[in-house]
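Could you have a look at this structure, given as structure tokens, before my questions?
The values are calculated or read from the model by the stated rules, or taken from the named source; none is laboratory data. Computed from a predicted model, the values in this text were never measured in an experiment. Cβ placement follows ideal geometry from the backbone for every residue including glycine, while neighbour counts extend to all protein chains displayed.
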Amino acid sequence: MPDQQMTISVAEWEKLKQRATKLALDKSNQQLVMQLMRKMGEASGLNNVIDNMLRSIVDVIGGANLVLYYKIDADIFSADVYGEKHHLHRVDDQRVSDAFATGEASEFEHDFSDTRMLTPAFTHAYTWIYPLKVGSTVIGVFKMESLHVAMRDLHSQLPLFFNYAALVLKNEILGHTRLQHINSLLQQEIIIRKQTERELVAAKNEAEAANRAKSIFLANMSHELRTPMNAVLGFSQLMQRDGDLSPSQRETLNIINNSGKHLLELINDVLDMAKIEAGRVVIENGNFDLGALVLSIIDMMHERAEAKGLELLLDQASDFPRFVSSDEPKLRQILLNLVGNAIKYTQKGQVVMRLTAEDLPEIQKCLLLFEIKDTGIGISEHDLPFVFDTFVQVGRESDQQGSGLGLRITKQYAELMGGQVTVTSELNKGSSFTLKLPVTAVNQSEIIDKLVLDGKQILGLAPGQPNYRILIVEDQLENRLLLRKLMESVGFEVFEAVNGQQGIKQFIHCQPHLIWMDRRMPIMDGITATQKIRALPGGDKVKIVAVTASVFTEQRQEFIDAGVEDIVGKPYRDAEIFACMTKHLGVRFVYDELAGQKTATEQELNGQHLKQLPEALLSELQQAAVSLDIEQSLAVIERIKTIDESLAEVLAGRVNQFDFEAITKLLDDTDIL
């Protein structure tokens, strides 16, 4: 089959060439638009995106000038390819303004044929005004000037680009608006915060000024309130010594004196509360004998309870620590307030102080629990939330006594020391106040340096006595070590047992002269062990003394029925231990002569030592002691020191122990004023 040659007419050939050229041009234009869109995506942030958008258009399309007009809320801005940006009051180009209004693009030519500076290729150029729309909303307008006429072929491809540019610009404007809003909120917050800080600084300065004023007030009022009270109490006491007083006058003076003391207590409560509120109370922790503190409180309150026909009892757990580190004066005041309140509002029955302890995770830390329980008038459920409020006294008005500050001060002190005070109560049945206080347990060696008996330091056993063997039956290591230290320090031979069963074995082994027997112990308690020892050979001769924290009558009777000679309550004083040994074994001790001389000085306080002081000085000392003024008392004692140094030391010791009662009693007994 012969080859057939296809022929195309010149006209068709031209059409094919034109079509191929157009396709190539369209493809080239599409590539330019894609390149343009790709370049636009290389920036972030409104200003950066606009700058990048303008540079990319000029690089790809060309043109002598390019300006973008855009809206942010109601404001219009412009940015050109040279980096100039302006906030416009109005659009300065009518065609651009029309594009914003209509959303329609426009195009117009420029004839540069008479311009010598341009090459022939640029003798004809044109300008595009093209809106950027998102939906039907115009958010911006491009004004592209002096574009080469060859770029007009891009016109059909540009809608894709401008739609993309509109979306990019819209997103950046939204982000910018949100950021501006956030920045505005932050600036407002900063302004408010700075204002608040200024107000806080001003409030702090005012508070500090108020605290300084309160401190000055405390210093002044401490003097101004106590000074007239000194006169009232001092002169009423002086008048009571007058032997010519009639019974009616003496009764009146007693009323004046008692009322003055009561008023002084109220003054001290108010001043203590003011010190707390002024932030002048400082916690000062130190090592002290907790057992001695508890006993001193029981001793102080015993007479008050006995006068009302009440039982004041102490129930202490065997694991309650004796030596601790805390703020001793504040703990003393807390316990005195709680026990004093319990006695005050109890008319019959008993007041019990129960002492227990719990270990805390920290090394040597423990939580003390003091429960003061009474059988008094109680507190109604309605009044319980107000018990610790300032100047508030709950219950019937006829039952209210004092200033209403004692429990508030107690609560504040407890919280300052890291503890808390809570209360449970039932009306007409009694109340229970519980103090929980974290403390650090310390070794007795940090407290006791020398043993003292009745004010005299014991050096050891007097010569010519048997080699006394002492058995300690106690499960608590601390209590066992303390007793062992006391015994060995004066020369006793000591044996130990950790429970009743082991105590029986030790008794058979060492045949002691005296046994210190605890009550609560594992395996076998002290009562059972005492009964079994009494049944053994020699068990009827050994002296057995119970050392226990259980002081209830029925529990004491159980020990006595088991066969003990005596009972020493925990916490005990060293003096009680050695006095008990003297009583049952006839032990004699050697004392430090210097300690004996100091004791003699104290005994002579009501004699010649006080009489040698000037009456004016004694009068000042009495007034300071009666008003419980530590600073004034020590100031007077400092002047006494120039006359009698040893006497001044004894008096200062009394003041530092808050024993004003002893000083006033000595002055009263001396009868020299």
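If I go through region 481-515 residue by residue, how many of them are of a type in the set (Val, Ile, Thr) and in contact (Cβ under 8 Å) with a residue 40 or more places away in the chain? It would help to see each step written out before you state the result.
First, pick out the residues of region 481-515 that are of a type in the set (Val, Ile, Thr): 490, 494, 498, 504, 508, 515.
Next, only the ones that are in contact (Cβ under 8 Å) with a residue 40 or more places away in the chain stay: 490, 515.
Looking only at that region, the number is 2.
Hey, can you tell me all the residues within region 333-351 that are touching a residue at least 40 places away in the same chain (Cβ under 8 Å) and under 14 Å from ILE298 (Cα atoms)?
GLN333, ILE334, LEU335, ASN337, LEU338, VAL339, GLY340, ASN341, ALA342, ILE343, GLN350, VAL351
Right, another one. From the list LEU605, LEU613, LEU617, which residue is at pLDDT below 80 and assigned to a helix (DSSP H, G or I)? Let's see the steps before the verdict.
Numbers: LEU613 fails: assigned to a helix (DSSP H, G or I); LEU617 fails: at pLDDT below 80.
Just one listed residue meets the conditions, LEU605.
Can we say SER97 is surrounded by fewer than 17 Cβ atoms within 10 Å (Cβ to Cβ), within 19 Å of LEU169 (Cβ to Cβ), among the small types (Gly, Ala, Ser) and at pLDDT 75 or above?
Values: surrounded by fewer than 17 Cβ atoms within 10 Å (Cβ to Cβ): yes; within 19 Å of LEU169 (Cβ to Cβ): yes; among the small types (Gly, Ala, Ser): yes; at pLDDT 75 or above: yes.
The answer is yes for SER97.
Next question, about the same structure. Would you say VAL351 is among the β-branched types (Val, Ile, Thr) and part of a helix (DSSP H, G or I)? I'd like the intermediate steps shown before the answer.
On the way: among the β-branched types (Val, Ile, Thr): yes; part of a helix (DSSP H, G or I): no.
The answer is no for VAL351.
Step by step: first the residues of region 532-547, then only those that are of a type in the set (D, E, K, R) and touching an Asp or Glu at 6+ places or on another chain (Cβ under 9 Å), then the one that is nearest to LEU514 (Cα to Cα). Which residue is that?
Keep residues of region 532-547 that are of a type in the set (D, E, K, R), which gives 532, 534, 540-541, 543.
Then drop every residue that is not touching an Asp or Glu at 6+ places or on another chain (Cβ under 9 Å), which leaves 534, 543.
Values: ARG534: 13, LYS543: 5 Å.
So, considering only residues that are of a type in the set (D, E, K, R) and touching an Asp or Glu at 6+ places or on another chain (Cβ under 9 Å), the one nearest to LEU514 (Cα to Cα) is LYS543.
Of everything in region 354-377, what is of a type in the set (S, T, N, Q) and either in a loop (DSSP other than H, G, I, E, B) or in contact with a helix residue (DSSP H, G or I) (Cβ under 8 Å, 6 or more places away or on another chain) (or both)? Give them in sequence order. Show your work before the answer.
The first filter runs over region 354-377 and keeps only residues of a type in the set (S, T, N, Q), leaving 356, 364, 375.
Answer for region 354-377, where residues must be of a type in the set (S, T, N, Q) and either in a loop (DSSP other than H, G, I, E, B) or in contact with a helix residue (DSSP H, G or I) (Cβ under 8 Å, 6 or more places away or on another chain) (or both): GLN364, THR375.
Suppose the filter is in contact with a Leu (Cβ under 8 Å, 6 or more places away or on another chain), at pLDDT 70 or above, not in a helix (DSSP H, G or I) and not acidic (Asp, Glu); does LEU132 pass it? Explain how you work it out, then say what you get.
On the way: in contact with a Leu (Cβ under 8 Å, 6 or more places away or on another chain): yes; at pLDDT 70 or above: yes; not in a helix (DSSP H, G or I): yes; not acidic (Asp, Glu): yes.
So LEU132 fits the description; yes.
Quick check on GLY309: is it in the same structural domain as LYS436 (by TED's automatic domain parsing), on the phi > 0 side of the Ramachandran plot and either modelled with pLDDT under 90 or part of a loop (DSSP other than H, G, I, E, B) (or both)?
Numbers: in the same structural domain as LYS436 (by TED's automatic domain parsing): yes; on the phi > 0 side of the Ramachandran plot: yes; either modelled with pLDDT under 90 or part of a loop (DSSP other than H, G, I, E, B) (or both): yes.
For GLY309, the condition - in the same structural domain as LYS436 (by TED's automatic domain parsing), on the phi > 0 side of the Ramachandran plot and either modelled with pLDDT under 90 or part of a loop (DSSP other than H, G, I, E, B) (or both) - is met.
Further, regarding this structure: On the basis of being modelled with pLDDT of 85 or more and part of a strand (DSSP E or B), does THR424 make the cut? Let's see the steps before the verdict.
Details: modelled with pLDDT of 85 or more: yes; part of a strand (DSSP E or B): yes.
Answer is yes for this residue.
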